[in-house]
Amino acid sequence: MKSISRTLIMLVLASIMAFGLTGCAKETIVATVNSEKVSEPLYRIFLWSTQRGLESILPNIWDVDPIEGKTPEEFAKERALKSITYYVAVKQKAEEAGINKLTKEEKSAIKESAKNYVETNKEFVTNYGIKQKDYEKFLEYGKLEEKVVSQLGGTYIPNEEELKEAMKVLEEEGEFTSSATITHVLIKNKDEQGNTLPSDKDAEAKKRAEDILNQALNGEDLTILARKYSEDAAVSTNDGQYTFKKGEMEESLEEVVFNEAKIGAVYPKLIETSMGYEIVKVEELNDMDEVTMKEAAIRKIQQDFVNHELSELSATYKVEKTESYENIHIMNLGEES
């Protein structure tokens, strides 16, 4: 009897050890880039980011004709995989330069951002088995790119001709107009025909907006509040965030954003626009003067220089797709967060 019990105990211990080494299940790999394995959750995050970017340019992109000989979905999937390949090159360059280690503060900020992402996109992360660590890795790639561009780009000093050409291009593209990035919550006081609501309904809308403003002023994350309450149709794809140039928005909004609001703080009053009542936080403000314009041109030149270096490196990588890659499709906005 003792020998049987001992055998059972040894089997249980062996099972526990095996579980500890292998985890619950083997992670699905969709591709290998230069020997680096790309997990399905990480690829889905890149694909979702690619999808949202394409839809911001062309909302009906999934209904258009083939793009570069591929269906829109195939095109998006290839773009996502190309992005990953680029970031593998970023990682390699960061390692070569000895700047691949993140600081404690950087790791903490990434963890906090990833935690918020997981908490506010529960349906998406649950359906696709995405964990916080997957989004942390996605954000780590972006942080490494910042380091690589800063260090490698800083080694390239443009000449006067390059600087003039870059400034000309940026001016033609309208980049030398002051711009701002805001997060906002919109509570409408108009009906579908654009008519102002009856006074009682208008008062209700204003009261709801004031309640949300108070939540934001008391420390609630405005991005989360936008996802929960904003009546802006685009909130499902932009989380209430807009970047715009001076002259593109209504005067009442621009007066606050460019002249009154403090960067990084929720503006303490409601802003009434033609759409309704707005709660606004200015995330970033870029006022253009001659010095700022030259700095922007230098950054563009250095960014282009580093991008060229990284693109050339990533083009040498061997990319192998697995069978699991073919089973991945774009995310339906009507079903996913």
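The values are calculated or read from the model by the stated rules, or taken from the named source; none is laboratory data. Quick caveat, the model's predicted, so the values are computed rather than measured. So basically every Cβ, Gly included, is an ideal-geometry build from the backbone, and we count neighbours across all protein chains shown. Accessible surface areas use protein heavy atoms only, side chains included; no ligands, DNA or RNA. Shrake-Rupley method; radii C 1.70, N 1.55, O 1.52, S 1.80 Å.
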| query | Among the residues of segment 103-131, how many are open to solvent by 30 Å² or more (accessible area, probe 1.4 Å) and of a type in the set (A, V, I, L, M, F, W, C)? | reply | 2
| Which residue out of Asn159, Asn189 is under 14 Å from Arg299 (Cα atoms) and at pLDDT 90 or above? | Asn159
| request: Quick one: count up the residues across segment 243-273 that are closer than 27 Å to Lys115 by Cβ and surrounded by fewer than 16 Cβ atoms within 10 Å (Cβ to Cβ). | output: 5
| field | Within segment 279-337, considering residues that are assigned to a loop (DSSP other than H, G, I, E, B) and in contact with a Ser or Thr (Cβ under 7 Å, 6 or more places away or on another chain), the one nearest to Ser83 (Cα to Cα) | value | Tyr317
| Taking only pairs six or more apart or across chains, which ones have beta-carbon atoms under 8 Å, a first residue in segment 311-324 that is of a type in the set (Ser, Thr, Tyr), and a second residue that is assigned to a loop (DSSP other than H, G, I, E, B) and surrounded by 13 or more Cβ atoms within 10 Å (Cβ to Cβ)? | Tyr317/Asn34; Ser324/Thr28
| task | Being open to solvent by 30 Å² or more (accessible area, probe 1.4 Å) and outside any loop (DSSP other than H, G, I, E, B) is the filter; apply it to segment 23-52 and report the residue that is nearest to Ala114 (Cα to Cα). | result | Ser49
| Out of all the residues in segment 187-208, which are in a strand (DSSP E or B) and not basic (Lys, Arg)? | Ile187, Thr196
| said: For segment 174-186, check the following and say yes or no: at least one residue is in a helix (DSSP H, G or I) and over 30 Å from Ala89 (Cα atoms). | reply: no
| task | State the number of residues belonging to segment 275-333 that are under 30 Å from Glu123 (Cβ atoms), of a type in the set (S, T, N, Q) and within 21 Å of the chain's Cα centre (by Cα). | result | 1
| task | From the list Ser150, Ser230, Ser179, Ser199, pick out the single residue that is at negative phi, in contact (Cβ under 8 Å) with a residue 60 or more places away in the chain and of a type outside the set (Asp, Glu). | result | Ser179
| remark: Considering segment 132-173, residues that are more than 16 Å from Lys91 (Cβ to Cβ) and among the polar types (S, T, N, Q), and then whichever is most open to solvent (accessible area, probe 1.4 Å), we arrive at Thr155
| Members of segment 76-99 found to be within 21 Å of the chain's Cα centre (by Cα) and open to solvent by 20 Å² or more (accessible area, probe 1.4 Å), listed by number | Glu78, Arg79, Lys82, Ser83, Tyr86, Tyr87, Lys91
